[in-house]
Amino acid sequence: MKTITTTLFLFGLLLGANATDTPDVRYLKFEELAANFNTLNSKGQMLECHSAFDVFLPEGKFAAEGIDILVPETPNVRGEKLLFLKWNYSEKKWNTIKGKKVSSKTINKKKYHLVHVNETGVYGLFNDDRAKGEIKFVLAPSLRFSKIEFSQENVQVNFEKQLFEKPRTTEVPFGSVSILSEIKMDVYSKRENKTTTYQYRLGEIPSSHRLTNKNNHTLVLITKKDLERINRSSTPQTPAP
Amino acid sequence: MKKLIAVLFCAGYLINAQANSTITIEFQKDSEKFTEGTVRALSIYAEELYLAKGIKVTLQEPSRNAEAKKQALFYKREKELKEFFKEEHLNFERISFNYEQEGKKKAPVISIEIVPHAVVAEIIRPDSTFTNKNKIALTCKYNDLELANEMSVVKFSSQEELYNSHVSSFFDNKIIFIRDLFRVEFPEGKIPTSGVTAEIVQGAENAKKKFTLLHWNNINKEWTKIGATKKPTKGARGYYFSATFEESGLYAIVENKSTSVVPVVAKAKKDVAITYIEILSTEPFLRIEGNVSDNQREATFKAPKNVENYVIRAVCKDAQGTEWIEETKVSKKTIIRYFQKSKKINAYFNN
């Protein structure tokens, strides 16, 4: 019986060792990307994310030699230029990695972007085209921002900012805004001395309150009535501590 | 010296002639029984067959489309011959069976050749050609015969089928004209060892045109070129394009010609976001996905200039999350008028 137990234990150990000995690459869906990471570079510019992945490399051979990751190229897009960045957890920004470039490879007539990774971490391929323009949110006089989050799924951008000075206006460095962009903001009401979270799509603000000029600068004026309407259409939330 | 060479040559020729004995196997009418002449010939050559270094058997096999009765008789006769070899205790390791496509004029159905050298015991079969259920001529290796017989090659004919196939009219950064579109399915996800070649009939007007076979990659949503661009070849009933299918999926035969294009811009009305857009035409069949702008307010296309009518079909969404499909007709007139004016076409959606 003892022998069987020992064998099973060793077998378990082997299985365990095998499980952790294998590198793991997992694509991050947009929901996961938006929930945990922003898409800003080290200069605070917004980048459109082509694809992001979480890489685990076990100690030993894989960590020493690294692994190649193949990401399918976007069909019928020629000259797709991408940046390969690594997420910096302490700075909460995507940083460039020295000596790492995106190359291309064709396997069975299918084209792929190829990147080499030799460290565990979260990596992303971003379009090498910094977003131009901005979107400026202006609240009604008695209201103040304490936090703003902006995300747009079709181009995979995400922005999050804590606003300790509680301003009346705030900007998001992204100009190509869609009516389907999602905005989540914590709004402090001076009169009620209370902070409420509002979540809505940009198109829910009347078009007369959304003004875009030629340089992709959008001004969004948010009235109390808009917030009341948003409140009615969704359950109001108190911000997370 | 000259004489010596001549003598040696003649001797060699004679030895060779003597060694290569050929026995024509003849059968009684509608029977697998050998004719008397064949029985006699086999008894004469029995010892030679037994001692032969190598035996080559050539069999003219009926095609898959031949009458069942004819096929059955051939295989009975083939079996009868093998039985004879067994009865005579002939070593099968010295016999090669070479199956030929039936049709060689004056050639015997089955013949045996005794050769003065060892042969590799093998079964040589030619590529099999037959017509499938959809009346398409198929050619394949013998090993793939069963698979080819069960595979389906369905040609899409209606516009609805073409649209629902969701293939693109864009390949290698160019607009392509799809002449034929097929769904090829090998049974149970199997794949042939060497591909199955189908002869696709082309009209005489296409005789001088060059065509390319493309395979639709359903994962990358793009076409992959299969083989070389070529002209159809003349066959018994017209012109044929040989298309080799190596896996299941959608295949297109496209005309190898470039077409002049015009840029098209489709703009959505206010408070509407475009999530997907495509441009469609019925004659010729075209389906091109447009590139939706980052702000989802407009989309751009490269559309062929000389096509009469397009339909722009878009999937739209409002901020409340409601999704619907909008169709806008764009005629050549509109395109040319706008093209001349601003080099861009504004295909506004219906309000």
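The values are calculated or read from the model by the stated rules, or taken from the named source; none is laboratory data. Since we're looking at a predicted model, the values are computed, not measured. A quick note on method: Cβ atoms are made from the backbone with ideal geometry, for glycine too, and the neighbour counts reach across all protein chains shown. Remember, those area values only see protein heavy atoms, side chains included, never the ligands or the DNA or RNA. Shrake-Rupley method; radii C 1.70, N 1.55, O 1.52, S 1.80 Å.
Data overview
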{"item": "Helix axis angle, A:224-233 relative to chain A longest principal axis, alpha carbon, degrees", "result": "50 degrees"}
{"item": "Separation of alpha-carbon centers, region B:138-186 and region B:22-37, rounded to whole Å", "result": "46 Å"}
{"item": "P(r) weight above 22 Å for region B:75-175, C-alpha pairs, percent", "result": "58 percent"}
{"item": "Accessible surface of chain A [probe 1.4 Å, protein heavy atoms]: carbon and sulfur percent", "result": "52 percent"}
{"item": "Longest to shortest principal axis, alpha-carbon extents of region A:92-144, angstrom", "result": "60, 27, 17"}
{"item": "Selected from B:Ile277, B:Ile191, B:Ile124 as most flexible by GNM, with chain B as the system and alpha-carbon contacts under 10 Å", "result": "B:Ile124"}
{"item": "Net charge of neighbours whose Cβ lies under 13 Å from the Cβ of A:Phe37, counting Lys and Arg as +1 and Asp and Glu as -1", "result": "-2"}
{"item": "For B:Tyr99, distant residues with modelled amide H under 5 Å away", "result": "B:Leu59, B:Ile124, B:Arg125"}
{"item": "Values of log10 I(q)/I(0), in the order q = 0.18, 0.33 Å⁻¹, for region A:30-76 under a Debye, Cα-only, solvent-free model", "result": "-0.83, -1.18"}
{"item": "Crossing angle, helix A:2-21 versus chain A [Cα axis fit, 0-90 degrees, rounded to tens]", "result": "50 degrees"}
{"item": "Residue-count net charge about A:Asn216 - beta-carbon cut-off 11 Å; Lys, Arg +1, Asp, Glu -1", "result": "0"}
{"item": "Given charges at beta-carbon only (K, R positive; D, E negative), |dipole| of chain A in Debye", "result": "720 debye"}
{"item": "Net charge of Cβ neighbours under 15 Å - reference B:Tyr239; Lys, Arg +1; Asp, Glu -1", "result": "+4"}
{"item": "Estimated [θ] at 222 nm from DSSP helical runs (n ≥ 4, -39500 (n - 2.57)) normalised by residues in chain B, nearest 500", "result": "-7000 deg cm²/dmol"}
{"item": "GNM flexibility winner over chain B from B:Gln202, B:Gln60, B:Gln320 (Cα, springs under 10 Å)", "result": "B:Gln320"}
{"item": "Where A meets B: accessible area buried, both sides, 1.4 Å probe, Å²", "result": "1900 Å²"}
{"item": "Hydrodynamic radius by Kirkwood, which averages 1/r over all alpha carbon pairs of region B:61-119, in angstrom", "result": "13.2 Å"}
{"item": "Cα-derived Rg over Rh, computed across region A:22-151 with Rh taken as Kirkwood radius", "result": "1.04"}
{"item": "Tail beyond 30 Å, pair distance distribution of chain B (Cα, percent)", "result": "58 percent"}
{"item": "10 Å Cβ neighbours from other chains, averaged over peptide A:178-186", "result": "4"}
{"item": "Heavy atoms of B:His89 accessible to a 1.4 Å probe, total area in Å² rounded to 10", "result": "140 Å²"}
{"item": "Average projection area in nm² (convex hull over Cα atoms of the protein assembly as shown, one quarter of hull surface)", "result": "49.5 nm²"}
{"item": "Accessible area of region B:63-171 belonging to carbon and sulfur atoms, whole % at 1.4 Å probe", "result": "50 percent"}
{"item": "Selected from B:Ile253, B:Ile219, B:Ile178 as most flexible by GNM, with chain B as the system and alpha-carbon contacts under 10 Å", "result": "B:Ile219"}
{"item": "Average other protein chain Cβ within 10 Å of Cβ, residues B:317-330", "result": "2"}
{"item": "Solvent-accessible surface ranking, highest first, for B:Val201, B:Val115 at 1.4 angstrom", "result": "B:Val201, B:Val115"}
{"item": "Principal axis box of region A:136-241, alpha-carbon based, largest edge first, Å", "result": "38, 27, 26"}
{"item": "Whole-Hz couplings from phi, Karplus 6.51/-1.76/1.60, listed for region B:61-67; x for Gly and Pro", "result": "8, x, 6, 5, 8, 5, 4"}
{"item": "Pairwise Cα inverse-distance average, inverted: Kirkwood Rh of region B:183-307 (Å)", "result": "17.3 Å"}
{"item": "Convex hull volume per residue for chain A, taking Cα atoms only, in Å³", "result": "207 Å³"}
{"item": "DSSP loop chymotrypsin sites (Phe, Trp or Tyr not before Pro) with at most 15 other Cβ within 10 Å: longest gap in chain A", "result": "A:1-88"}
